[in-house]
Protein chains: 4
Amino acid sequence: MNQEKKNLLKQKIQHIDITSFNSIPLIESFSHMSFQSRNLANACKIYDTMLQDKDCTIILSLAGSLFSAGLKKIVHELITNNMVDIIVSTGAIIVDMDFFEALGFKHYVGSPFVNDDELRKLHIDRIYDTFIDEDELQLCDQTIKKIADSLEVRPYSSREFIWEMGKYLDTNGCKVDDSVVYAAYKQNLPIFVPAFSDCSAGFGLLDHQRQRPEKHVTIDSVKDFKELIETVFRSKDTGIFIVGGGVPKNFVQDAVLGGKVNDKGELRNPAQMHKYAIQITLANEYDGALSGSTLKEASSWGKVDQSFEQMVFSEATIVMPLLASYAYYKGNWKKRKAKKLSQIFK
Amino acid sequence: MNQEKKNLLKQKIQHIDITSFNSIPLIESFSHMSFQSRNLANACKIYDTMLQDKDCTIILSLAGSLFSAGLKKIVHELITNNMVDIIVSTGAIIVDMDFFEALGFKHYVGSPFVNDDELRKLHIDRIYDTFIDEDELQLCDQTIKKIADSLEVRPYSSREFIWEMGKYLDTNGCKVDDSVVYAAYKQNLPIFVPAFSDCSAGFGLLDHQRQRPEKHVTIDSVKDFKELIETVFRSKDTGIFIVGGGVPKNFVQDAVLGGKVNDKGELRNPAQMHKYAIQITLANEYDGALSGSTLKEASSWGKVDQSFEQMVFSEATIVMPLLASYAYYKGNWKKRKAKKLSQIFK
Amino acid sequence: MNQEKKNLLKQKIQHIDITSFNSIPLIESFSHMSFQSRNLANACKIYDTMLQDKDCTIILSLAGSLFSAGLKKIVHELITNNMVDIIVSTGAIIVDMDFFEALGFKHYVGSPFVNDDELRKLHIDRIYDTFIDEDELQLCDQTIKKIADSLEVRPYSSREFIWEMGKYLDTNGCKVDDSVVYAAYKQNLPIFVPAFSDCSAGFGLLDHQRQRPEKHVTIDSVKDFKELIETVFRSKDTGIFIVGGGVPKNFVQDAVLGGKVNDKGELRNPAQMHKYAIQITLANEYDGALSGSTLKEASSWGKVDQSFEQMVFSEATIVMPLLASYAYYKGNWKKRKAKKLSQIFK
Amino acid sequence: MNQEKKNLLKQKIQHIDITSFNSIPLIESFSHMSFQSRNLANACKIYDTMLQDKDCTIILSLAGSLFSAGLKKIVHELITNNMVDIIVSTGAIIVDMDFFEALGFKHYVGSPFVNDDELRKLHIDRIYDTFIDEDELQLCDQTIKKIADSLEVRPYSSREFIWEMGKYLDTNGCKVDDSVVYAAYKQNLPIFVPAFSDCSAGFGLLDHQRQRPEKHVTIDSVKDFKELIETVFRSKDTGIFIVGGGVPKNFVQDAVLGGKVNDKGELRNPAQMHKYAIQITLANEYDGALSGSTLKEASSWGKVDQSFEQMVFSEATIVMPLLASYAYYKGNWKKRKAKKLSQIFK
């Protein structure tokens, strides 16, 4: 690596540790204030209520460049402490960021005030104020290809493929102690990525299929939906914790609708909405797009109950640590057990 | 349908016709102003330049509730006038909105100031200020199932399945004259939906697979990526016209990266970025998420050339008609021919 | 001026002419769509209703860098066609932008992608993508000082001082044919700037007071409020057309509350809210700040009636021309007469 | 008060106490992350650097409904610990919120999901999710009138009038222990409100002037600017801490420009920009309005040095407590003394 590139890739992004500070006093103060501080406090309390509700399966929906920004360790903590049961995410978070770091690569503190043409020449990719070594990212692509090459040829759900990624880390060594993919593998926690080709995994699988035009692994997005609904269907109640919007938000909201019919084609009676729902977002409601659509709107669709729902309009890197720390120090997760929902599919 | 529901579903959404007004004088004025009016004028000119560039394949990326909002006929016009060559979209736009209307169902003028619990009881779904009859939406799901049931059992790309949807309309009758799915079918224009299960199609395909646990149609998201890249690879130059962000934006931006390697595994030399890029969005840059990431940032990744790129920070229902009308009345599309890129895959 | 500066200040901002295009067909189409296009259409219709209502005094509230962006001629057109009766604005719009251009100076097409340290060295001020010659701006300051030096020493409302600015242009020559200050002067239309020192006028008046520490002109902000309320009080009904938020928005909304008590301290009976209200803004509601606060919220304060109110969440340079052109071509202003409300104070 | 109103005005807003939690560990973690968390950490460090710089006068600029939201006690803490030297604010914050509470009135936890017509009938004003008793607010107006009635007839700067409000509290008793107006009075810290009539003070002064049409107190907004510049001029260096945008932001940014000429009309040499600048805002840059204009843009105007500047795009109720707590627990304010800048004018 030349010196100029080395200088730009020097200071590593470090993931925040929610056990290193206790946000309860802050959140308690927020609950007596106005605007988004009070909304955040209310979201904290709803999440804590989910954790106290023994019948509730908790689904975490992730979108945005969260793990390159230092939020990975939070989700790792949520998994290992049984504070989440299912994850639905964009591909970038799970593959380009989490699996990428599990292979030993890093994200770097950068700046938005740079010449992007210069970065490109140095093979440095930019995410707002964060830098990535493009050469390392291509090694990540190739590892995905290697995994695909090793698998039995058949259609896979993204959950199945991500489980294989966890197994790869188990076999070949995981270079970090906060990998979400690896923790989920060990804990039988299902991770779904409904648009699995739309990330580094896409490039690896593409090469896999190109080399094997006749016989190759496929990723069946219907299977994703079927499996997610199956996990929801087996849960008495569900709660959703949404960070960002996009496909993962829609997918987890829809999951209860699909649940209306069971495996035998019988109607589930009564059809149930998500009992709890919180969302952290900066998207606006007024353009009609799904990302900023309110949880009240979702209620018209039969997706979300209005009794326990809260939108928090804020950027995730600031409020997600506060929210997770609150729930961690409240300690109600201690009575929860790992639901190991991936075992359903074995 | 009871009277209360009838009253709420009375006034139909009507799709705007870009040939009914000529935005050129307005856009010319905007080009001498500041802020987003000038950005819009610049985006108009870049799109018109794409249309003049014989070597340029134009990819339209769609996200947000665009077609329920009255923007469907615009895209229909772009297709029939050879102003776009490839479409990448969310599932909701193509299935829940376009195909839904092709089956004879409608969207309705509603209001955001309503009781969502009441709507749910009436089986009315709300998108901000727009209403949908949930019972009709379930008929749409079932039509997807019927199509899947009729197909040869194998993995399909979303493009292939959407082509089958067009064929269904051809056989069974298309109830509207502005269906994007049907126009694309007739014109051999590929439509990709990278998260195909994340919409009404997901419910239909789910039921299809549940009834046929052993032998059923699958949707291979890798195949989507492979096919999109193939179309890009066969184009001398490419331009992207992005409305909203999300998975479609990322997918079309990534398409040039995958193009670096050709079908024989050979490096494409030189690797080429999208030559032109415009985006209409309200997403912010500063939360680091993909939807609001600048086209300059995409340049660091080798995705977008900086010579002809323009972000327009505005809500789509207002500016997309202005942009399309400008290009329509400029008339440079008249020298373009349909690229019929779906024929590659036959 | 050195060559580098000349190159940066070459292309002048040109003000859009709402008579050069007819937005009625576009707005009619928007009224059958969703989201902000429909909101814009509704705002257009409310504004047109104000123009048809003979009893309605129309107050235009302006904030944001509107006139440097090419929106000045619109307001000039509204004044000369009796489409507005009172203006409340930030100082920058009226002094730094309108009066500045009336003195013969210009705004220039610039770019946000520049080195601001370099601009400063060249005495070029930047407003996002627009450039101003700082040396010319200081000449504007000094003209304000000259006007103040010539006046009788007493407290002035901003309206009175702006009338003197119009008189100065009348005497010394107005260099443009679309000056809002000059048109308002000739038409006896009151312009209020509630924070009058917060702009170029502040610098001029500062120098005036510094040179005359004992006897000098003062700007009494209470007098502004008193006069605005007096004009509102004499109007049977009022409608507000708000572009941006800030102090002007609050000031015009408050004007009806002050009107509850008349000059003799008697209660006006019944207390009346603004009958019509529209606002163009990009500010969010959820941070609790006034700029993005809804017109429904204003109704709780007794400021705005909910029967005819509409927020349009959009950037002003794109939608204000559409809105004004619609009302212009509807032609209902033709039956309106100039209210000449400044004459009240003579 | 009837029962319905009593039920709505039950739960009081409580002001957050920054000494009750130590945000240093959180902010340290944020400094190794991305996006707004890192920006916040950087802003914290710049503010702490201001506090360490003995030559730096710190100006706090306030806009938005901050004090009704529970952020008042923070500013009180900043004053009593010599962490701020000058305040520039909207009128609502200082009069309707701070002085209002000093008279013994309260803000209440409310909801945005209410019927505003009902609230109006109950004389309840709404600020997004916060309620105010309109009857109490009118008592606040009348107290302002009473103060004005008692004063010598002459032009006042807002700073002078606000000092009289502090004196009123000193004489008549301040009902709370966290009044910013009262703390500033005792500490000779100047508070400027450049649009002083645009709030509850406007209503009180209006009645004062109406009853005394010939001889009455006036508020000279030029005097505000002159006094602010005088305080800046006497400071070796300045730092600005901006919450929200609007008139206060512009006013404090402009203060260094006015400082270029001293009281004798001599040029200050060298002209100096604000050495430090931080801003918390949710406003966008791309509409060209001042509120969201970057501090880099301000540098082109000669207002802000680029060496120590940071925008934090976030809602204030969440990040202002974190920022203030960080600086409080760093303790560098302990070596600072009260600058007592109001004494300049005695």
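The values are calculated or read from the model by the stated rules, or taken from the named source; none is laboratory data. The model shown is predicted, which means the values in this text are computed figures rather than measured ones. Here the Cβ is made from the backbone with ideal geometry for all residues, glycine too, and neighbour counts use every protein chain on show.
The single residue among B:299, B:342, B:325, B:291 that is touching a strand residue (DSSP E or B) at 6+ places or on another chain (Cβ under 6 Å) and assigned to a helix (DSSP H, G or I) turns out to be B:299.
From the set of residues in the range C:218-236 that are touching a Leu at 6+ places or on another chain (Cβ under 6 Å) and within 11 Å of chain D (Cβ to nearest Cβ), which is farthest from residue C:308 (Cα to Cα)? First the steps, then the outcome.
Within the range C:218-236, the subset touching a Leu at 6+ places or on another chain (Cβ under 6 Å) is C:222, C:225-226, C:231.
Those still in the list that are within 11 Å of chain D (Cβ to nearest Cβ) too: C:222, C:225-226.
Working: C:222: 30, C:225: 25, C:226: 26 Å.
Among residues in the range C:218-236 that are touching a Leu at 6+ places or on another chain (Cβ under 6 Å) and within 11 Å of chain D (Cβ to nearest Cβ), the one farthest from residue C:308 (Cα to Cα) is C:222.
If you go through the range C:203-217 and keep only what is of a type in the set (Asp, Glu) and within 9 Å of chain D (Cβ to nearest Cβ), you end up with just C:207. When the residues of the range D:29-46 are filtered to those that are more than 7 Å from chain A (Cβ to nearest Cβ) and touching a strand residue (DSSP E or B) at 6+ places or on another chain (Cβ under 6 Å), the one that is surrounded by the fewest Cβ atoms within 10 Å (Cβ to Cβ) is D:42.
Scan A:149, A:135 and give me the residue that is more than 9 Å from chain B (Cβ to nearest Cβ), under 25 Å from residue A:107 (Cβ atoms) and not aliphatic (A, V, I, L, M). Even if it seems obvious, please write down each step before you answer.
Numbers: A:149 fails: under 25 Å from residue A:107 (Cβ atoms).
The conditions single out A:135.
Condition check for residue B:58 on (1) in contact with a helix residue (DSSP H, G or I) (Cβ under 7 Å, 6 or more places away or on another chain); (2) within 16 Å of residue B:278 (Cα to Cα); (3) in a helix (DSSP H, G or I): one failure, at (3). Residues that are in a helix (DSSP H, G or I) and at pLDDT 95 or above within the range A:229-245 are absent altogether. Is it the case that residue C:158 is under 18 Å from residue C:96 (Cβ atoms), within 20 Å of the chain's Cα centre (by Cα) and at pLDDT below 95? No: the conditions fail for residue C:158.
In the range C:294-302, the count of residues that are among the polar types (S, T, N, Q), farther than 24 Å from residue C:234 by Cβ, at pLDDT below 90 and surrounded by fewer than 22 Cβ atoms within 10 Å (Cβ to Cβ) is zero. Please go through the range D:268-289 and pick out each residue that is at the interface with chain C (Cβ under 7 Å from one of its Cβ atoms) and either touching a residue at least 40 places away in the same chain (Cβ under 8 Å) or among the β-branched types (Val, Ile, Thr) (or both). Matches in the range D:268-289: D:289 only.
Would you check which residues across the range C:18-53 are out of contact with any helix residue (DSSP H, G or I) (no Cβ under 8 Å at 6 or more places or on another chain) and either within 21 Å of residue B:20 (Cα to Cα) or modelled with pLDDT under 95 (or both) and list them?
Initial filter on the range C:18-53 (out of contact with any helix residue (DSSP H, G or I) (no Cβ under 8 Å at 6 or more places or on another chain)): C:39, C:42, C:45-46, C:49-50, C:53.
Selection gives C:39, C:42, C:45.
Against the list (1) more than 8 Å from every other protein chain (Cβ to nearest Cβ); (2) under 16 Å from residue D:320 (Cα atoms); (3) touching an Asp or Glu at 6+ places or on another chain (Cβ under 8 Å); (4) not basic (Lys, Arg), the condition residue D:89 fails is (3).
Out of D:263, D:287, D:254, report the one residue that is at pLDDT below 95 and under 24 Å from residue B:285 (Cα atoms).
Details: D:263 fails: under 24 Å from residue B:285 (Cα atoms); D:254 fails: under 24 Å from residue B:285 (Cα atoms).
On inspection, the qualifying residue turns out to be D:287.
If we scan the range B:63-70, do we find a residue that is more than 9 Å from every other protein chain (Cβ to nearest Cβ), buried (at least 23 other Cβ atoms within 10 Å of the Cβ) and assigned to a loop (DSSP other than H, G, I, E, B)? Scanning the range B:63-70 turns up at least one residue that is more than 9 Å from every other protein chain (Cβ to nearest Cβ), buried (at least 23 other Cβ atoms within 10 Å of the Cβ) and assigned to a loop (DSSP other than H, G, I, E, B).
What are the residues in the range C:71-82 that are in a loop (DSSP other than H, G, I, E, B) and closer than 20 Å to residue C:337 by Cα, if any? Break it down stepwise before answering.
Kept after step one, since they are in a loop (DSSP other than H, G, I, E, B), are these residues of the range C:71-82: C:71, C:81-82.
Selection gives C:81, C:82.
State whether one or more residues within the range C:87-98 are touching a strand residue (DSSP E or B) at 6+ places or on another chain (Cβ under 7 Å), of a type outside the set (Gly, Ala, Ser) and within 20 Å of residue C:339 (Cα to Cα). Yes: the range C:87-98 contains one or more residues that are touching a strand residue (DSSP E or B) at 6+ places or on another chain (Cβ under 7 Å), of a type outside the set (Gly, Ala, Ser) and within 20 Å of residue C:339 (Cα to Cα). Of all the residues in the range B:1-28, those that are surrounded by fewer than 21 Cβ atoms within 10 Å (Cβ to Cβ), within 11 Å of chain C (Cβ to nearest Cβ) and outside any loop (DSSP other than H, G, I, E, B) number 6. The set of residues in the range C:184-207 that are surrounded by fewer than 23 Cβ atoms within 10 Å (Cβ to Cβ) and in contact (Cβ under 8 Å) with a residue 24 or more places away in the chain comprises C:187, C:188, C:207. Pairing each residue of the range D:67-80 that is over 21 Å from residue D:57 (Cα atoms) with any residue that is modelled with pLDDT under 95, provided the two are 6+ apart or on different chains, yields C-beta distances under 8 Å for D:68/C:288; D:69/C:288. The criterion of being more than 9 Å from chain A (Cβ to nearest Cβ), more than 16 Å from residue A:298 (Cβ to Cβ) and free of Cβ contacts under 8 Å to residues at least 12 places away in the same chain holds for residue B:113. Among residues of the range A:1-23 that are without any contact (Cβ under 8 Å) to a residue 40 or more places away in the chain, those with a Cβ under 7 angstrom from a residue that is in a helix (DSSP H, G or I) and crowded, with 20+ Cβ neighbours inside 10 Å, sequence gap 6+ or separate chain, pair up as A:20/D:29. Scanning the range D:302-315 for residues that are at the interface with another protein chain (Cβ under 7 Å from one of its Cβ atoms) and either part of a strand (DSSP E or B) or within 24 Å of residue A:31 (Cβ to Cβ) (or both) turns up D:306, D:313, D:314, D:315.
One residue alone among A:153, A:176 is out of contact with any Gly (no Cβ under 7 Å at 6 or more places or on another chain), among the aliphatic types (A, V, I, L, M) and surrounded by fewer than 18 Cβ atoms within 10 Å (Cβ to Cβ), and that residue is A:153. Taking each residue of the range C:237-257 that is more than 7 Å from chain D (Cβ to nearest Cβ) and looking for partners that are in a helix (DSSP H, G or I) and of a type in the set (Val, Ile, Thr) with beta-carbon atoms closer than 6 Å, six or more apart or interchain, yields C:238/C:232; C:240/C:252; C:255/C:229; C:255/C:232.
Residue count for the range C:207-241, restricted to those that are under 30 Å from residue C:145 (Cα atoms) and of a type outside the set (D, E, K, R): 14. Identify all residues within the range C:165-201 that are within 23 Å of residue D:158 (Cβ to Cβ), touching a strand residue (DSSP E or B) at 6+ places or on another chain (Cβ under 9 Å) and part of a helix (DSSP H, G or I); write none if there are none. Once the filter is applied, which keeps residues that are within 23 Å of residue D:158 (Cβ to Cβ), touching a strand residue (DSSP E or B) at 6+ places or on another chain (Cβ under 9 Å) and part of a helix (DSSP H, G or I), the range C:165-201 yields only C:201.
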